[in-house]
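Asker: Sharing a structure below in structure tokens format, with a few things to ask.
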Amino acid sequence: MTNQPIDEASVPKSILVETRFGDIEFIWDKAIYMPVGLLGFTDQHVFGLANIPGKSLDQFKLYQSLTDADLSFIIAPYNPESGIYDAADIERAAQSLAIPEEDLAILLIVTVRPTGNDQGYTMSVNLQAPVIINTSRQIGWQHIMPHDKYPVQHDL
């Protein structure tokens, strides 16, 4: 096997993705690499994080596959001050993934469901399997919490 240097001129600086919220530009240097992908999407490894256009969704972000324009997730960045997760559980997750506390970010995948009566929708986040990011290395993993005290559908 030969190691050939990468021609940096051939690597794009950014990629424009046609998302469900319109065209959004993602910077390659800011991409998040997921070595094992997400549950159900193990073949997707490179994601971008972007603000969702419009004021009504300010508290959410878009977690977009940069290799499959049809794959994206609405996510909610976890606020540690909310106390939803026990600090000891977060510490164990960080240790198991070798992430220093100061480099840890937690993203919660949002599910949006119609209420069934054409009057709106409900939203929940998956607390059982958050995406945990090492912000300094831009690497992420979907971490399964080791017990069932965190629901898969935690209503917002």
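The values are calculated or read from the model by the stated rules, or taken from the named source; none is laboratory data. Remember, it's a predicted structure, so these values are computed and weren't measured experimentally. Because the Cβ atoms are built from the backbone with ideal geometry, glycine has one as well, and the counts that use them run over all protein chains shown. Side chains are part of the model used for accessible areas, which takes the heavy atoms of the whole protein and leaves out ligands, DNA and RNA. Shrake-Rupley method; radii C 1.70, N 1.55, O 1.52, S 1.80 Å.
Asker: Name the residues of region 122-148 whose amide N is less than 18 Å from a point 7 angstrom out from the Cα of ASN79 along the C-beta direction?
Answerer: Answer for region 122-148: 123-127.
Asker: In percent, how large is the relative contact order of the chain, given Cα pairs closer than 8 Å and 6 or more residues apart? Mind showing how you got there, number by number?
Answerer: On the way: 265 pairs, mean separation 26.2, N = 156.
Reported as a whole number, the value is 17 percent.
Asker: Let me see the P(r) profile for the chain: every Cα-Cα distance counted, bins of 10 Å, each bin given as a percent of all pairs.
Answerer: It works out to 10, 35, 35, 15, 4, 1, 0, in whole percents.
Asker: What does the net charge come to around ASP86 if you take all other residues with beta carbon closer than 13 Å to its beta carbon, with K and R at +1 and D and E at -1? Please list the in-between numbers first.
Answerer: Working: positive: ARG92, LYS149; negative: ASP89, GLU91.
Once positives and negatives cancel, what remains is 0.
Asker: Mind running the shape call on region 35-121? Use the C-alpha gyration tensor, a ≥ b ≥ c as the square roots of the eigenvalues: rounded below 1.5 for a/c, prolate if a/b tops b/c, oblate otherwise. Mind showing how you got there, number by number?
Answerer: On the way: a/c = 1.90, a/b = 1.31, b/c = 1.45.
Oblate, since a/c reaches 1.5 and b/c is not below a/b.
Asker: Further, regarding this structure: Mind giving me the nanometre distance, one decimal, between the label points for MET123 and ASP86, set 7 Å out from Cα along Cα→Cβ?
Answerer: The answer from the label model is 2.9 nm.
Asker: While we're on this one: Taking amide H positions as placed in the peptide plane 1.01 Å from N, state which residues far from VAL110 in sequence (5 or more) or on other chains have amide H under 5 Å from it.
Answerer: Excluding prolines and chain starts, which carry no amide H, the hits are ILE74, ILE75, ALA76.
Asker: For ASP23 paired with ASP70, estimate the spin-label separation in nm (one decimal), with each label point 7 Å from Cα along the Cα-to-Cβ line.
Answerer: 2.2 nm
Asker: Sort TRP28, TRP141 by accessible area with a 1.4 Å probe, largest first.
Answerer: Working: TRP28 75, TRP141 50 Å².
The most accessible residue leads, giving TRP28, TRP141.
Asker: List the residues whose amide H sits under 5 Å from the amide H of THR122, counting only those 5 or more places along or on another chain, with H placed 1.01 Å from N in the peptide plane.
Answerer: When sequence neighbours closer than 5 places are left aside, the close amide H contacts are ARG113, THR115.
Asker: Applying the Karplus parametrisation 6.51 cos²θ - 1.76 cosθ + 1.60 with θ = phi - 60° to the phi angles of region 96-113, what ³J(HN,Hα) value in whole Hz is obtained for each residue in order, glycine and proline being reported as x?
Answerer: Those phi angles translate into 5, 9, 6, 10, x, 3, 6, 9, 8, 10, 10, 10, 10, 6, 9, 10, 10, 10 Hz.
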